[in-house]
1. Given the condition of a type in the set (D, E) and outside any loop (DSSP other than H, G, I, E, B), answer yes or no: does some residue in segment 20-33 qualify?
2. Based on this model, can you work out whether Q72 counts as within 13 Å of D27 (Cα to Cα), part of a helix (DSSP H, G or I) and modelled with pLDDT of 85 or more?
3. Quick check on this structure: which one of A93, A66 is under 11 Å from the mean Cα position of the chain (by Cα), modelled with pLDDT of 95 or more and either among the aromatic types (F, W, Y) or surrounded by 10 or more Cβ atoms within 10 Å (Cβ to Cβ) (or both)?
Amino acid sequence: DNHSNPLPFDFEVHVQFLELYGEEIRDLLSPIASTQQRLTIRDGREGVEPEVIGATEAKVNSAEDALQLLGQGTIRRVTGATAMNSESSRSHAIMTVVIEQT
């Protein structure tokens, strides 16, 4: 029975939730107001992924934790009316899940 055996490795899971709106990157998980925070993208060199400097990475212990952060961040997204949708986001949201073996 594999369910009673502990996993053969330890890991941590973190999430980031960002919004691209116009020319700005907003951290949807940051406790600091997004207008006060300046995020930048650092291009990855060969073999290294690009990263957003200064973005919040929140540790999660379950899928429910991640979904709660998704809900909190979604509320903070920029919305505005368009001809097709009165609550259009006019932005792109990116939720990144980082799984790191410890």
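The values are calculated or read from the model by the stated rules, or taken from the named source; none is laboratory data. No experiment lies behind these values; they were computed from the predicted model shown. With ideal geometry, Cβ positions are generated from the backbone for all residues, glycine too; neighbour counts draw on all protein chains shown. Accessible surface is based on the protein model in full, side chains and every heavy atom, while ligands, DNA and RNA are left aside. Shrake-Rupley method; radii C 1.70, N 1.55, O 1.52, S 1.80 Å.
1. Taking every residue of segment 20-33 in turn, at least one turns out to be of a type in the set (D, E) and outside any loop (DSSP other than H, G, I, E, B).
2. yes
3. On inspection, the qualifying residue turns out to be A66.
Let's see how each residue does on (1) open to solvent by 70 Å² or more (accessible area, probe 1.4 Å); (2) of a type in the set (V, I, T):
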{"residue": "I25", "(1), (2)": "no, yes"}
{"residue": "L28", "(1), (2)": "no, no"}
{"residue": "Q37", "(1), (2)": "no, no"}
{"residue": "G44", "(1), (2)": "no, no"}
{"residue": "E51", "(1), (2)": "yes, no"}
{"residue": "T56", "(1), (2)": "no, yes"}
{"residue": "S62", "(1), (2)": "no, no"}
{"residue": "G71", "(1), (2)": "no, no"}
